[in-house]
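Inspection log for the structure reproduced underneath, given as structure tokens.
The values are calculated or read from the model by the stated rules, or taken from the named source; none is laboratory data. All values derive from a computational prediction rather than experimental measurement. Please note: Cβ atoms are built from the backbone with ideal geometry, for glycine as well, and neighbour counts cover all protein chains shown. These accessible areas exclude ligands, DNA and RNA; they are computed on the full protein's heavy atoms, side chains included. Shrake-Rupley method; radii C 1.70, N 1.55, O 1.52, S 1.80 Å.
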Amino acid sequence: MALAMKATAFAKGGEIPKRHTCDGADLSPALSWNGVSPAALSLAVIVDDPDAPRGTWTHWLIWNIPAHLTALPEGVPPQEVLENGARQGRNDFDRIGYGGPCPPPGKAHRYFFKLYALNTSLDLKAGAGRQELERAMKGHIVFQAEWMGTYRR
């Protein structure tokens, strides 16, 4: 079975509800997945917007999600280390945790929710940035899945 993920709040390629954006409550959407390989020891999620005016904008970094979990709830708190041991990094809003879509007025932007199954737990401090996370994941990704939504103002 292949690794698959979804956001329950919006269809693949659909519009992200306002409650998950800076125009609403700015809550992370609930995410669920299945098909995690037994080779996976942990999971990571990166959310980004490749359509941002200054290049790809990172909205969320979370890693060391226990591999036995099959979901993240809506509204993951903006703290560096979660009760389940997962760690969150600093997004491009310079905040820990999720920062929802907040594009400039105009065309719709695409937001990619990327799930990575890793063959290790990462020795990376909470609060790390995207480059640090990607460097730590290099050579450890065993499977990957994604879900995309759009938002415009």
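Overview of values
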| quantity | calculated |
| --- | --- |
| Whole-Å semi-axes of the stretch 44-153's equivalent ellipsoid (Cα gyration tensor) | 23, 14, 14 |
| Net charge of neighbours whose Cβ lies under 14 Å from the Cβ of N64, counting Lys and Arg as +1 and Asp and Glu as -1 | -2 |
| Carbon + sulfur, % of accessible area of the stretch 69-117 - ligands and nucleic acids excluded, 1.4 Å | 53 |
| Sequence of V81, V36 from largest to smallest accessible area, 1.4 Å probe | V81, V36 |
| Unit charges at the beta carbon, dipole of the chain: most positive-side option, A11, L72, G85 | A11 |
| FRET efficiency, S121 to A30 (Cβ-Cβ, R0 22 Å, nearest 0.05) | 0.40 |
| Average accessible area per residue (Å²) across the stretch 30-146 - probe 1.4 Å, nucleic acids and ligands excluded | 47 |
| Assigned charges on the beta-carbon of Lys, Arg, Asp, Glu; the stretch 6-67 dipole about Cα centre (debye) | 180 |
| Candidate lysines for bridging to K125, where Cα separation is under 29 Å - those fewer than 8 sequence places away on the same chain excluded | K6, K114, K138 |
| Amide hydrogen neighbours beyond the local backbone of V76, cut-off 5 Å, H modeled | S28 |
| Cβ charges +1 (Lys, Arg) and -1 (Asp, Glu), total dipole of the stretch 9-147, debye | 180 |
| Where V142, V45 fall by accessible area, highest first, once all protein chains stay in place (1.4 Å) | V142, V45 |
| Eligible lysines near K18 by straight Cα distance, threshold 17 Å, same-chain separation 8 or greater | K107 |
